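The values are calculated or read from the model by the stated rules, or taken from the named source; none is laboratory data. As the structure is a prediction and not an experimental result, all values here were calculated from the model. Cβ sites come from the backbone with ideal geometry, for glycine too, and all protein chains shown count toward neighbours.
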Amino acid sequence: MADENTIRRWNQEFNHKSPDEILRFFLGHFKDKIALSSSLGIEDQVLIRMVSKINKNTRIFTLDTGRLFPETYDLIERTANKYDIHIQVFFPDAREVEKMVYEKGINLFYESVENRKLCCAVRKLRPLVRAIEGLDAWITGLRKEQSETRNNLHVVEWDENNGLIKINPLLHWTEEEVKDYIDAHNIPYNPLYNKGYASIGCQPCTRAIEPGETLRAGRWWWENAEAKECGLHQR
């Protein structure tokens, strides 16, 4: 566990560094106690390419909720093959899913915010606990531009909920910078982005956005809340 002074010093040192410089330092510092968490979004695809170029033995994991798009499953395979890496897939506990579906219904998330958060907890948050077990730090693709709730993030943070350091190398990148990097390095990405999707999660909970909508407007679009998160990056 890094203390507040260390985290403050790291932020002062790395706030204006490139993602590659940030990754090189923290991959070297934490060694086998750091992992990249990927939802297979365009930001995570950029980070997978960067991380694999620095150390392809770095652990990379994703959470399979059981409700993902077919295009997302295909991307896992294409990405692993392109970079000759292993992407570790964590699944929810089958008994928990069965109990939840039996009691609440297969599409419970449409009924209430409480139900949606329960589904996210069973399918994502609890598998994440297993995925980060034994780690001292995890890398995410969070960017300030993605939503208001992410505008006050830092490059290096103490993740109180999960008890480890969180590294956000792409925090200051714009969507245009991400897409330019994808194009420049021929990085595989989810074809749903070409169909108007801006943030891709579970299939029943994600839609394409309309012109003028925010990047995360397509997530849980039936909810009225301005800030919508699944809880993985709750502060």
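None of ARG116, ARG150 is modelled with pLDDT under 95, surrounded by 18 or more Cβ atoms within 10 Å (Cβ to Cβ) and in contact with a helix residue (DSSP H, G or I) (Cβ under 6 Å, 6 or more places away or on another chain) except ARG150.
Identify the residue in the range 22-60 that is charged (D, E, K, R) and assigned to a helix (DSSP H, G or I) and, among all such residues, is nearest to LEU170 (Cα to Cα).
Filtering first and then ranking leaves GLU43.
Name the residue that is surrounded by the most Cβ atoms within 10 Å (Cβ to Cβ), counting only residues in the range 217-235 that are acidic (Asp, Glu) and at pLDDT below 85.
Out of the qualifying residues, it is GLU229.
The rows are residues; the columns are (1) in a loop (DSSP other than H, G, I, E, B); (2) more than 14 Å from the chain's Cα centre (by Cα).
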residue: THR62; (1), (2): no, no
residue: THR65; (1), (2): yes, no
residue: LEU75; (1), (2): no, yes
residue: ARG78; (1), (2): no, yes
residue: LEU128; (1), (2): no, no
residue: LEU135; (1), (2): yes, yes
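Considering the range 201-216, and only residues there that are within 15 Å of the chain's Cα centre (by Cα) and under 15 Å from ARG143 (Cα atoms), the residue that is surrounded by the fewest Cβ atoms within 10 Å (Cβ to Cβ) turns out to be LEU215. Condition check for VAL89 on (1) of a type in the set (A, V, I, L, M, F, W, C); (2) crowded, with 17+ Cβ neighbours inside 10 Å; (3) touching a helix residue (DSSP H, G or I) at 6+ places or on another chain (Cβ under 8 Å): one failure, at (2).
Listed residues LEU128, LEU135, LEU108; which is touching a strand residue (DSSP E or B) at 6+ places or on another chain (Cβ under 6 Å) and either of a type outside the set (Asp, Glu) or touching a residue at least 24 places away in the same chain (Cβ under 8 Å) (or both)?
Among LEU128, LEU135, LEU108, only LEU135 is touching a strand residue (DSSP E or B) at 6+ places or on another chain (Cβ under 6 Å) and either of a type outside the set (Asp, Glu) or touching a residue at least 24 places away in the same chain (Cβ under 8 Å) (or both).
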